[in-house]
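For reference, the structure is listed below as structure tokens.
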Amino acid sequence: MSRDIVICKDSAALSGRAADAIVDQAQAAIASRGRFTLALTGGSSPVETYKLLAQKPRMAQIDWQKTFVFMSDERCVPFDDDRSNFGQARSSFVGHVPLPPANILPIPTDAGSPDADAARYAQTLAHFFGALLDAAPPAFDLVLLGLGDDGHCASLFPGKPTLEETKKWVVSSPPGTLPPPVDRVTFTFPLINAARAVMFMVSGAKKAPAVQDILENAPPVSKRPSAGVHPANGALTWLLDEDAASMLSAQTRGR
Ligand code: 6PG
């Protein structure tokens with residue numbers, strides 16, 4: 001695994017940098033494998049990045065016919081609910097770029113229960129990647145993640161059994177302590193860590209303690225779930241703004 005820490009002067013610069021990185025990954029994946037598989041994150045952090053992807057010049061720099069969009073976690077609410085991660089991605093980005101409908105693969109929230117939603121999404125992934133569910137997880141070209149103040153990512157919350165999952169690719173997850181208090185469906189560590197690239201996008205001073213702890217102290221995954229993200233054969237990037245990076249030592253910042 002390679003790990004890069006990139007510090008941007010503010011959240012606007014971070015959004016531009018993230019959008020550029022997504023364009024670069026899309027172009028590289030399509031050039032080498034003929035398609036780009038992208039797992040989006042929820043939360044507020046990626047919204048400006050998503051909007052930039054749906055505008056010139058970047059919108060024209062991605063071959064949308066060869067791009068396939070997934071979600072790394074979802075809240076179990078209908079897509080038109082304000083709390084829906086896919087709903088947010090659709091209104092800021094996915095609904096505004098020429099992605100063929102068949103290339104948009106959100107986590108379902110209508111299978112009857114969070115467990116059924118998770119099982120159905122795992123089947124969707126297995127079918128898409130031509131893999132068997134009991135085999136090693138497929139490698140996404142890029143998995144985007146946000147960081148919660150408590151150090152969670154996707155819907156992998158501190159102290160929960162979802163952190164121990166070693167086989168399933170997608171699981172249900174009861175609500176964590178941060179809002180909104182709804183059931184979730186989430187990628188597991190085995191699936192995230194199979195990716196070719198994982199990129200955290202983190203802005204704001206309230207994230208600084210978790211960023212510092214994860215990047216400098218190697219905390220237990222049960223305390224700071226994002227410490228469990230280390231793509232075995234992939235590249236890990238932490239894209240931070242100055243506020244989120246404010247507690248990092250000069251050594252961690254690479255200065
Ligand atoms: C979710 C997320 C979650 C999010 C972080 C950061 O469904 O809530 O996917 O992991 O990325 O909580 O959220 P913010 O960007 O809003 O701080």
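How many residues does segment 130-149 hold that are out of contact with any Ser or Thr (no Cβ under 7 Å at 6 or more places or on another chain) and within 16 Å of the ligand (Cβ to nearest atom)?
If we filter segment 130-149 for residues that are out of contact with any Ser or Thr (no Cβ under 7 Å at 6 or more places or on another chain), which is where we start, we get 130-139, 142, 148-149.
Adding the requirement that they be within 16 Å of the ligand (Cβ to nearest atom) leaves 142, 148-149.
Residues in segment 130-149 being out of contact with any Ser or Thr (no Cβ under 7 Å at 6 or more places or on another chain) and within 16 Å of the ligand (Cβ to nearest atom): 3 in total.
For segment 1-95, please list each of the helices (runs of 4 or more DSSP H) lying entirely inside it that holds at least 1 residues being surrounded by 19 or more Cβ atoms within 10 Å (Cβ to Cβ) and in contact (Cβ under 8 Å) with a residue 60 or more places away in the chain.
Values: elements: 11-33, 47-53, 85-92.
Per the criteria, 11-33, 47-53.
Quick check: is even one residue across segment 185-203 out of contact with any Leu (no Cβ under 8 Å at 6 or more places or on another chain), within 13 Å of the ligand (Cβ to nearest atom), in contact (Cβ under 8 Å) with a residue 24 or more places away in the chain and not in a strand (DSSP E or B)?
No, segment 185-203 has no match at all.
In the list ALA232, ALA227, ALA245, ALA210, which residue meets the criterion of being in contact (Cβ under 8 Å) with a residue 40 or more places away in the chain, under 20 Å from ALA39 (Cα atoms) and buried (at least 18 other Cβ atoms within 10 Å of the Cβ)? Reasoning before the result, please.
Working: ALA232 fails: buried (at least 18 other Cβ atoms within 10 Å of the Cβ); ALA245 fails: under 20 Å from ALA39 (Cα atoms); ALA210 fails: under 20 Å from ALA39 (Cα atoms).
The unique qualifying residue is ALA227.
Within the bounds of segment 45-67, is there any residue that is modelled with pLDDT of 95 or more, within 14 Å of the ligand (Cβ to nearest atom) and farther than 24 Å from PHE157 by Cβ?
Among the residues of segment 45-67, at least one is modelled with pLDDT of 95 or more, within 14 Å of the ligand (Cβ to nearest atom) and farther than 24 Å from PHE157 by Cβ, which makes the answer yes.
What is the one condition in (1) within 16 Å of the ligand (Cβ to nearest atom); (2) over 16 Å from PRO106 (Cβ atoms); (3) not hydroxyl-bearing (Ser, Thr, Tyr) that GLN27 does not satisfy?
For GLN27, the failing item is (1).
Looking only at segment 150-181, count every residue that is under 18 Å from the mean Cα position of the chain (by Cα) and basic (Lys, Arg) and tell me the total.
The total comes to 1.
Which residue out of ALA131, ALA119 is modelled with pLDDT under 95, surrounded by 15 or more Cβ atoms within 10 Å (Cβ to Cβ) and more than 29 Å from LEU52 (Cβ to Cβ)? Outline the logic, then answer.
Numbers: ALA119 fails: modelled with pLDDT under 95.
Only one candidate qualifies: ALA131.
Which of the residues spanning segment 150-180 are out of contact with any Asp or Glu (no Cβ under 8 Å at 6 or more places or on another chain), part of a loop (DSSP other than H, G, I, E, B) and within 15 Å of the ligand (Cβ to nearest atom)?
ASP150, HIS152, LYS160, PRO179, PRO180
For residues that are within 16 Å of the chain's Cα centre (by Cα) and of a type outside the set (Phe, Trp, Tyr), tally how many sit in segment 93-117.
In the first step, residues of segment 93-117 are kept if they are within 16 Å of the chain's Cα centre (by Cα); the result is 93-94, 104-107.
Within this subset, residues satisfying the condition of being of a type outside the set (Phe, Trp, Tyr) are 94, 104-107.
Result for segment 93-117: 5.
The values are calculated or read from the model by the stated rules, or taken from the named source; none is laboratory data. Computed from a predicted structure; not experimentally measured. Ideal geometry is used to build each Cβ from the backbone, glycine not excepted, and the neighbour counts take in all protein chains shown.
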